[in-house]
Structure formats: C-alpha cells, structure tokens
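Structure first, then comments.
A short reminder: the numbers here are calculations on the coordinates, not readings from a lab. Model, not experiment: these values are computed from the prediction. Cβ coordinates were reconstructed from backbone atoms using ideal geometry, including for glycine residues, and neighbour counts include every protein chain displayed.
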Ligand code: CA
C-alpha cells in the first residue's frame, strides 16, 4: 500500500517528494476531488433517511427537515450509515481529516485557540493536500479551517492577532502553513454567519456580508469556472469546503436564510423534535427551527456546486464527498452540549461519496473513522501508493469500489475525549488530559471516564444501540461483564495500535487488555 520511497522519505516532507512528480499525461487521467464538510451537521438531518432504500438501513428516524439536493445526491452515491467522528469536536476531527492520524499524533488533541499552543496542526505532517499537491493537483481551501494555534500574524496588522477576543479563536494561516493548498479563501473560526470574513491566497481580507455557505459555494463555482485564471485547467483539482453552518449560533434570522426559516417557523417544536430522547421543553429547543433552516440552506449551497460541475462537464470525473466534522445532539440526552460526547447524535456524521461509473450507489454500514478519510480519499484518486507511512487510518477505497472487496472491516470506532491538562501561571494550557476513551461497535457504545487525580474509573456510558437506539438506558457495566470485556479488548487493540496515552500510561489496565 505504501511505496518504499515514501517510507524512505517519510518525514522529509514536501520538498523531497516534489522530485518524483507524476508525469503530466498521467495526471490528466486523475479524478478531481471535492470534499464538502459543513460543521455540526447531524447524520439524522438528511431527509432521504426516511425514504425507501434508506430508512430500513438505520435505527433512527430522520429529522423532519428539507434536503432536496442531498436526497438526489444520496441516490447517486455510496452512503455510509455509520461514519464516526472519533473525537467529535471541531479541531481534533479536522486534524484527523487532514493528516490521517489520531489526535495524539496529528498535533491537535484539543480545540484550537490562543490559550492552547499544544494543540496545532503539525507543520511537519504530510497532509492530504500535501499529497494531492505533490501528485500534480491544484489544491484549494474554502471556509473554516480551525486546525491551528492562532498566532499574532494578522496580515493587516503585523504582530497582532486577527481578533481581539481572549483567548483568540480565529486565525490567519500564512502561506508556509497551508500544506499544499495553493488557492486559499479561508479563516480559522468565526461565528457571525451573515458577516463572515476570509483571507485569500495573498492574505487580503474579504468581508462579503453574505450568509457564509452561500458565499462559499459562489466562490467554489467561480473557482470551478476558473474565473480570473485561478487554477491550471490542465491539472486535476482537490477542493475542501469547510462551511460553518449549521454550527451555532442558531437563534435568529442573523444565522440562516429567511426563505429556509419559513419552512419551519410555524411548526410546533414537538413536531420537529420527534426523537424519544429529545426534550422540546428545553431552552435550546427553539433553536431547532434555525438549525433545520441552516441545514436546508447548506443543502442548497451544496446543490449549487453540483450544478456547476454538471454545467462544466466535470461531474463524471469528479469525486464529491459530503460529510461533517461531528454531529449535534439538538436537545437529546438532556444536554446543551451539541458534541464532544459518545452519543450517536454527536459521533455519527454524514458520509456520502459520488464517483460516477466507478462507485456503485448503495448504502453501507462501514464504521469509518476520522483518520480513515485521508487515505481513503487518496485511494479513490488512485494515489494509494502515496499514502504517507505515518498515516494511522485505513484506506477503504477498495471497499468503496467493490462492496465485496477483500478488505477487513473494522469492528468499531474509538471514542476520544481530551480536556485541558496543566496550565501555567498565565492560564496557558501546557498539556492535555485524556479524560475518556470508548468504543462504538456495530451494536454497542461504551465510554469510560477517568478521575483526573486517581486515573480510576469515574463513570461510564454504555448503550445497547440495537435494543435502545435512542440511548435512553445507560447500562451498568457489572450487569454485562462479557460484553464489556469484549469491547474493552477491541478498544485496547486500537489504543495500542495508535500509541494512545491510555495505552502508554496503562490507564484502566485492569479492564483494558493492552
Ligand atoms: Ca465543529
């Protein structure tokens, strides 16, 4: 899977590998790739899950939401029921996505902000975009990145952060930290959806005063049309689009488009929050209307990109993926926290892949993990030999091409939660504490939380997702010793394989056989 050259050169980085670029003729045959991943998009928030051919494949009821473009797209795609965000939080997922490594290796164990210098995309990691760039692709990033420690490098005010907030969350990414992306229209993290801003390839700031997914899709379409000669039309392209909605805030018409809100504004809350684990009396409940409106708006923005591909005759030779960085609990489980938990609604993300004539449209229950995405994308583009040796995820492209391919399927997906560890006198985070690890198998969800001082088991979450799909009954571990033992054995194998802190420190070793 990994060629010897890459093993030899692993770690030497991009400059060495540029010497072995594929010849132009070969590049011409490579497919384009577009990876669209709105933030905090529940897998359940896609209407097609209620349609024949889909609903019998999942154990949840689809949200009553309008997603006409995704419904059509799903019928042309491989649709995964069980793609998991292992560390369901913005930055850690993005680190896995870009590097193909788990949060303990990607450089991003925690959400990135200016108080957490220990959490930042490793500059020496060979990212998915580095590999595509080295293979002769034009690489473009649009939207939210949120994968690096903000440094005082505002191009308009050198030596200053790009925002006044303390700690700073937003960031400008200078050219040397763009990992092969030669076209840039992005920002770190910023949540004013109708007044977004972006820095372009040359570091110029843009304030378009437009709902961000709508604006970003227009910019992607312009890039596809090559307006202003922004790309080399002889080269294939790799595009990532990190839309921010349906991420919060979702509380007013400042957050979504009115035409979309009108679809939901008169619906009683208990007709929108239809899950048995959702509480329509929560204060947050009102936000479901804005959240669904954002989902519908994202659906339309995504549809614009699909329309442009078709219009330009690029649809056949372009792999299009629709995914998200994590889910959104939206009033389930009595929590206001939309993410960062092992609940299905937090971990389970959309994952749809369309590759006309190469990938047969179908539904598959593969338990895809976040680090698997990078090697799988490379595999789909015919670049499996260029997967860096350091990558921890698996290349499931053979399985995408052929459901019966001779590929070992994973028995489950890790759950990872880290929190701030030690802080110095200035409140700067100097380490992270691996507060929880868990395992999501086809049938069960298990998460173990440890005490910060004793590192002993503090609490657990354990659900039989087959008998209890809405995770209403947290089962006592001692009542199911054999199942817990089996899940711990599977979890231990993966924690060891990825060299996780729980394995290195022997955390809960009386339960987890490493
Ligand atoms: Ca996020």
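Laid out as a table, the results:
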item	result
Linear extension gain, residue 218 paired with residue 307, 0.36 nm per residue minus alpha-carbon span	30.9 nm
Backbone N under 14 Å from the residue 75 label point (7 Å along Cα→Cβ), restricted to the range 359-398	361-362
Gyration tensor verdict on the chain (Cα atoms; rounded if a/c is under 1.5, prolate if a/b is larger than b/c, oblate otherwise)	rounded
Intensity falloff of the range 413-505 expressed as log10 I(q)/I(0), Debye formula with alpha-carbon point scatterers, at q = 0.10 Å⁻¹	-0.30
Gyration tensor (alpha-carbon) shape descriptor, the range 364-447, a/c threshold 1.5	oblate
For 82, 441, order by how many other beta-carbon atoms lie within 10 Å, fewest first	441, 82
Contour excess over end-to-end distance, with Cα ends at residue 232 and residue 468 and 0.36 nm allotted per residue	79.8 nm
Cβ-based exposure ranking for 372, 307, in which fewest neighbours within 10 Å come first	307, 372
Order of 63, 385 - criterion: other Cβ atoms within 10 Å of each residue's Cβ, fewest first	385, 63
Extended-chain gain in nm, criterion 0.36 nm per residue less alpha-carbon gap, residue 455 and residue 253	68.2 nm
Over the chain: helical MRE at 222 nm, DSSP H runs n ≥ 4 each giving -39500 (n - 2.57), nearest 500	-6500 deg cm²/dmol
